[in-house]
Each structure stands twice: as C-alpha cells, then as structure tokens.
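To start, the structure under review is shown below, and the notes come after it.
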Amino acid sequence: MATQRKYLVREFNAFITCYICKGYLIKPTTVTECLHTFCKSCIVQHFEDTNDCPKCGIQVHETNPLEMLRLDNTLEEIIFKLVPGLKEMEKRQEEEFWKKNKPQENGEDNEGPKAKKAKIDEEEDQEDQDYHRSDPQIAICLDCLRNNGQSGDNTVKGLMKKFIRCSTRVTVGTIKKFLSLKLKLPSTCELDVLCNGEIMGKDHTMEFIYMTRWRLRAENSYPMVLQYRPRIDFG
Ligand SMILES: [Zn+2]
Ligand SMILES: [Zn+2]
C-alpha cells in the first residue's frame, strides 16, 4: 500500500500567501502581465504609488495598472478549503468594516449649508423629487486618481471619507458636484470621473455604470470604485 502523505497547510503557504502583507491571500488578484498574485486591497494600494509589480518589478501598465488585475476565484476557493474559518473571518471583517465606515454620515463637517448641500440626493433633489430616498441604494468608493508621472500642482486631494451611499439613479454629474463641494474646488477646476480607467459621461447613472462597466470585470467586487482626477486640458 502506498504511503499516504499528509499535506500541511504550511507546505502550500508560498502559493496562498500574499507577498505584500504576508497573510493569506484575501480576494486573490493576479497581475495579468506577470501572473503574480496578491490580496486585492494590497495590490490596489500598491498601485497608488507605482505602476510596477511588487514582486518582479516589471512595469504593469504605463498609466493605469489597475486595468491589468484579475480576481482569481478558483484560488480563493482553494484557500477557503485549505484554511478553515478564513471565509467566515473575512465576512465578519467586512461587516465590521461597513459598521465603522458608515457611508454618508460624514462626521468631519456636518454643520454649515455647504456640507448639507453636499449630501447627495438627500438635500439636492428633495424639493422636486422625493423618490430618491426609496430608490435602491448603492455604495461607492470615490478614489482620488493621482498622476504618478506628472510633477507639480495636483490640486485635488482625496476625500476624508471615500465611501458614500447613494441612490442607484444618481448621475456622474451629481457625483462631480458632490466632489467639488466636499473638496472645496474652485469653479474653474473640472473633474473627470472614471470607472475601470474609462471616463464616464455626466448623464450616466450609478446603476448604468455598475451594470455595464463595473460588473463585467471578474476582479471587481462590491463596492464599486469610481476614480476622479482634475480634467487635463490639452491645448
Ligand atoms: Zn496582502
Ligand atoms: Zn510580477
């Protein structure tokens, strides 16, 4: 009879741990250029500062390395099978995260007329259309896209709280107004709002973008991430 070899989880560690945080891969996400895999949050955060793969150093993409990420669902399932309790723990952490980061209740400036206006769909559209309140809601992460290559005056900063919850019928135009108010941008500063690296038109609703852009990508999970940056005028 052949000796049955018992494998220890430890022996698989090289394949199921993240090079960046050294923990088990959470939402394992692969860089399609070099096939190196990291936790989704680890690699997304890494790409805020550089376009290179943390493990092998190749340039993943010239401008938007996030385009080269794919979620590895199979590997995620394998890790969940190998590491008992991990799935439950992740779920708990996600719930706690949402408890801590209650969208919309923005503690930093709850007073003042400006702050009130900035509350999407509660104040702005209240008079004419009250239906927004009963609309399906969507959580969105608003991420400031930093221009890595360009030096100098990047006037747009990140939000204090980048998670918001709003009606699925809110348009990109309203999101832009919200950002201008929150970030106290001068009226001359135009913003572009992007999803998956693509600039979104101002009349697109959150639902439309979620269905036609965000959901189509396997690596994308909830909440939807929209990026913004000052519009770059050429000429
Ligand atoms: Zn990690
Ligand atoms: Zn790599």
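Just so it is clear, none of the values below were taken in a lab; they were calculated from the coordinates. Fair warning: this is a prediction, and the values are worked out from it, not measured in the lab. A quick note on method: Cβ atoms are made from the backbone with ideal geometry, for glycine too, and the neighbour counts reach across all protein chains shown.
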task: Taking H placed 1.01 Å from N in the peptide plane, check which residues at least 5 places from Leu191 or on another chain put their amide H under 5 Å from its amide H.
output: Arg231
- request: Order the peptides 29-36, 54-61 from the highest to the lowest mean number of other Cβ atoms within 10 Å of their residues.
  value: 29-36, 54-61
field: Rough spin-label spacing in nm, given labels placed 7 Å along Cα→Cβ, for Glu62 and Thr205
entry: 3.7 nm
- prompt: Of Asp49, Asp192, how do they rank once you tally other Cβ atoms within 10 Å and put the fewest first?
  reply: Asp49, Asp192
Estimated inter-spin distance, Lys162 and Glu94, nm [label 7 Å along Cα→Cβ]: 1.9 nm
statement: Extension length gain for Ile20 and Glu48 (0.36 nm per residue less Cα distance), in nm, is 8.7 nm
message: Assuming 0.36 nm per residue, please report the length gained on full extension of the stretch Ser221 to Ser41 beyond their Cα-Cα distance.
response: 63.7 nm
Gain in span if fully extended, Phe12 to Glu77, counting 0.36 nm per residue against the direct Cα distance: 22.0 nm
